[in-house]
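Below is one structure, written out as C-alpha cells, with a few remarks after it.
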Amino acid sequence: MDQHLTVINHPLIQHKLTLMREKGTSTAVFRQLLREISQLLAYEVTRGLPMTTRQIDTPMETMDAPVLDGKKLVLVSILRAGNGLLDGVLELIPSARVGFVGLYRDEETLQPVQYYFKVPESMGDRLVIAVDPMLATGNSSVAAIDLLKKSGATNIRFLCLLASPEGVKTMKKAHPDVPIVTAAVDKCLNDHGYIVPGLGDAGDRMFGTK
Ligand code: URA
C-alpha cells in the first residue's frame, strides 16, 4: 500500500456511515452497521497482500490456485472502541491473529498511558493492521503504533472509520510509513477532541454506555 491516506468512497460504505452518524440510530443498529462497514473496509485495507499459489484439485483438473502468502496477519484492537471494528474484520479474515492495546489519557499531562498490551509473537514477520474507529487527535494512535513498533512490527496499516484532518497530520508526522484507510475525513476537532460532524463517542454508541 503506497498512499499514506486512502478514503474509501464506496456508495455502500458512505450510506452506512450516514446511518451511523445519525443520533437517533439505536445501539443495536449502530453495531450491525459497524460490523457491515468494517467488512467493507477490511476488503480495502487488505488490498495488495502478498500471494502465492497452492496446487489443488478441482472436480475438473489440477491447478495452481492463488492463496495468501506469509505468516498470519495480526489485527490489533485499540481498546475499547477498536473492538467494534475488530469483530467485523475478523469475520472476513477468521485466521488472523489478534492483539490488544489499552491506553488511557492522563488528565494532568493529557498524554496517553498504557494499561494493557498483548500481541502475538513474530510481529516483525507479519502484516499488522491496527483498528480504531475514530482517528481524532491522533495522540493515542501514535502511541499505539509506537508500542507496536517496539514489539518488532515493521509493516503496519491503520484502519479507522472516521478521521480528523488533525489526526491524519499527527499520524503522518510521527509514522509516515503507516498507511491510513478510512471511510471519511471530517471537518475538524472540537475543543474536547471530538470529531465534527463525526458520530459522537464511538465506544458509547456501540456499547450503549450513554
Ligand atoms: N473518540 C470518539 O469516540 N469520538 C470522537 O469524535 C473522537 C474520539
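Quick notes
- Looking only at residues of segment 191-206 that are more than 8 Å from the ligand (Cβ to nearest atom) and loosely packed, with under 14 Cβ neighbours inside 10 Å, we find that the one that is modelled with the highest pLDDT is P197.
- The residues listed here are V67, V45, V74; of these, the one that is under 18 Å from T182 (Cβ atoms) and either of a type in the set (V, I, T) or touching a residue at least 24 places away in the same chain (Cβ under 8 Å) (or both) is V45.
- Flag for P165 being touching a residue at least 24 places away in the same chain (Cβ under 8 Å) and either within 16 Å of the ligand (Cβ to nearest atom) or surrounded by fewer than 18 Cβ atoms within 10 Å (Cβ to Cβ) (or both): no
Conditions (1) more than 16 Å from the ligand (Cβ to nearest atom); (2) part of a loop (DSSP other than H, G, I, E, B); (3) buried (at least 19 other Cβ atoms within 10 Å of the Cβ); (4) free of Cβ contacts under 8 Å to residues at least 40 places away in the same chain, marked per residue:
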{"site": "Y115", "(1), (2), (3), (4)": "yes, no, no, yes"}
{"site": "T137", "(1), (2), (3), (4)": "no, yes, yes, no"}
{"site": "I145", "(1), (2), (3), (4)": "yes, no, yes, yes"}
{"site": "K169", "(1), (2), (3), (4)": "no, no, no, yes"}
{"site": "K173", "(1), (2), (3), (4)": "yes, no, no, yes"}
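- Pick from segment 43-78, criterion part of a strand (DSSP E or B) and among the acidic types (D, E), ranking: farthest from I145 (Cα to Cα): D57
The values are calculated or read from the model by the stated rules, or taken from the named source; none is laboratory data. If you're wondering where the values come from, they're calculated on a predicted model, not measured in any experiment. Backbone-built Cβ (ideal geometry, glycine too); neighbour counts: all protein chains shown.
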